[in-house]
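So the structure is just underneath, and the comments pick up after that.
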C-alpha cells in the first residue's frame with residue numbers, strides 16, 4: 001500500500017491504518033527528519049523477525065534503534081539516565097540524532113538477545129511522531145539505505161515504492177526525504193562521543 005500523507009496534518013484514518021498494520025506484525029517505510037526508514041512494532045516479534053530478514057540479519061544480532069514518542073517514554077527502555085545525559089537529550093530531541101544509551105532488561109527480551117545498549121530516536125517529523133504516539137509503544141527502526149551510501153531511490157518516495165513495494169506492507173509518502181543520515185552519539189560513557197557525524201549538530 002502506498003499512502004500519501006500531509007506532513008503537517010496527516011489524516012487520522014491513515015494513521016490508524018498504519019498502526020493496525022504494525023500491530024499485525026507488518027513492516028512500513030516512513031519519512032523521518034533524515035532518510036526514509038523501515039520500521040515495525042517493538043512488541044511484535046513477527047514484525048522484528050520480518051525486519052531482520054529484510055536486512056539479512058538475525059533479530060538477536062540486529063543493530064536496530066527504536067523511535068520513542070517523547071523523552072519521558074525513553075526511560076521505559078533504558079537504564080537510569082543521569083542529569084547531564086538528560087540535558088543533552090533534552091537540548092537535541094526531537095532532532096536528527098540517534099543516541100546510544102544503556103538499555104534495561106526489557107529491551108533484551110524484545111530482541112531475544114543480551115543487548116546492553118539501544119539506539120534511541122525522536123525524529124523531528126510530524127508523521128512518524130503521530131504514528132508512534134498512536135501506536136502506544138516504540139517503533140523499531142533502521143534506514144533503508146546501505147550504511148555508506150544514500151541513493152536517490154532512498155529519498156524519493158515514488159522510487160522507494162518501485163524498489164520496495166513488494167517487500168513491505170505500507171510505504172508512506174511524506175515528501176522528498178533527506179540524503180544525510182542522523183548523527184549517532186554514544187552516551188553510555190562519561191561524556192558524549194560522536195560515532196557518526198550526520199545532519200544533526202550536537203548541542204552540548
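The values are calculated or read from the model by the stated rules, or taken from the named source; none is laboratory data. No experiment lies behind these values; they were computed from the predicted model shown. Cβ atoms come from the backbone with ideal geometry, glycine included; neighbour counts cover every protein chain shown.
What to note about this one:
- Pick from segment 168-187, criterion at pLDDT 95 or above, surrounded by fewer than 20 Cβ atoms within 10 Å (Cβ to Cβ) and over 16 Å from the mean Cα position of the chain (by Cα), ranking: farthest from residue 81 (Cα to Cα): 169
- Subset tally (residues that are out of contact with any strand residue (DSSP E or B) (no Cβ under 6 Å at 6 or more places or on another chain) and more than 18 Å from residue 78 (Cα to Cα)) for segment 124-141: 10
- Per-region count, segment 161-190, residues without any contact (Cβ under 8 Å) to a residue 12 or more places away in the chain and in a loop (DSSP other than H, G, I, E, B): 3
- Members of segment 136-150 that are surrounded by fewer than 22 Cβ atoms within 10 Å (Cβ to Cβ) and modelled with pLDDT of 90 or more: 136, 137, 142
- Exactly one residue out of 71, 101 is farther than 18 Å from residue 180 by Cα and crowded, with 21+ Cβ neighbours inside 10 Å: that is 101.
- Only one entry of 75, 8, 41 meets the criterion of being closer than 17 Å to residue 109 by Cα and over 16 Å from the mean Cα position of the chain (by Cα), and that entry is 75.
- Looking across segment 102-146, the residues that are farther than 19 Å from residue 92 by Cβ, assigned to a helix (DSSP H, G or I) and in contact (Cβ under 8 Å) with a residue 24 or more places away in the chain come down to 106, 107, 110, 111, 127, 130, 131, 133, 134, 135.
- Residue 16 vs. criteria in contact with a helix residue (DSSP H, G or I) (Cβ under 8 Å, 6 or more places away or on another chain), at pLDDT 95 or above and farther than 25 Å from residue 199 by Cβ: yes
- Residue within segment 151-160 that is under 16 Å from the mean Cα position of the chain (by Cα), over 20 Å from residue 186 (Cβ atoms) and either in a loop (DSSP other than H, G, I, E, B) or at pLDDT 95 or above (or both) present: yes
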